[in-house]
1. At a 10 Å Cβ-Cβ cut-off, how would you order 65, 51, fewest neighbours first?
2. Just subtract the alpha-carbon distance of residue 28 and residue 98 from 0.36 nm times their residue separation and send over the number in nm, one decimal.
3. Top mean-square fluctuation among 32, 44, 22, Gaussian network model of the chain, C-alpha springs under 10 Å?
4. In what sequence do 69, 27 fall when counting other Cβ within 10 Å, fewest first?
5. Just report the Cα centroid separation between segment 19-50 and segment 56-105, whole Å.
6. Can you compute the modelled spin-label distance between residue 43 and residue 73, with each label point 7 Å from Cα toward Cβ, in nm?
7. Rounded to the nearest 500 deg cm²/dmol, what is the calculated helix-only ellipticity per residue at 222 nm for the chain, with -39500 (n - 2.57) per DSSP H run of length n ≥ 4?
8. About the Cα centre of the chain, what is the dipole size in debye to 20, counting +1 per Lys and Arg Cβ and -1 per Asp and Glu Cβ, all else neutral?
Amino acid sequence: MEDNKYLGAFEIIMNAGNSRAQSMKAVEAARQFDFEAAEEYLVQAELEMRKAHQGQTDIITQEAKGEPVDVNIILVHSQDHLTMAMMAQENAAEMIHLYRMISELKNNQTK
């Protein structure tokens, strides 16, 4: 068995997990109305997402070149992580927007 058979999938899992974690930190910061930190966490989430997506692209490119890729539970799991990280990033951006609206409404009421 090849030692690096799962390497690409594990890289996707790692980078997607890092992206998801940064997205969740962005939501936590927004909940505290710290929008500067929230935006920075989203930038970090995007950087990690690009790495994860590049890993997926590399696997797809390998298959397209005629170099078969073993479809196994680890690869399927990595795709699940990537999808969830993408959703977390999109949801975090929306939550930041909503927390900004709440902050503005709260500030307008105290005036």
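1. In increasing order of surrounding Cβ atoms, one gets 65, 51.
2. 23.9 nm
3. 32
4. Listing 69, 27 from fewest to most nearby Cβ atoms yields 69, 27.
5. Using only Cα atoms to place each centre, the spacing works out to 15 Å.
6. 4.1 nm
7. Working: 3 runs with 92 residues, N = 111.
Helix-only estimate at 222 nm: -30000 deg cm²/dmol.
8. Roughly 480 debye, rounded to the nearest 20.
Any read-out appearing in this document is the output of simple, stated calculations on the displayed coordinates, not a laboratory observation. The model shown is predicted, which means the values in this text are computed figures rather than measured ones. Glycine gets a Cβ as well: all are built from the backbone with ideal geometry, and neighbour counts include every protein chain shown.
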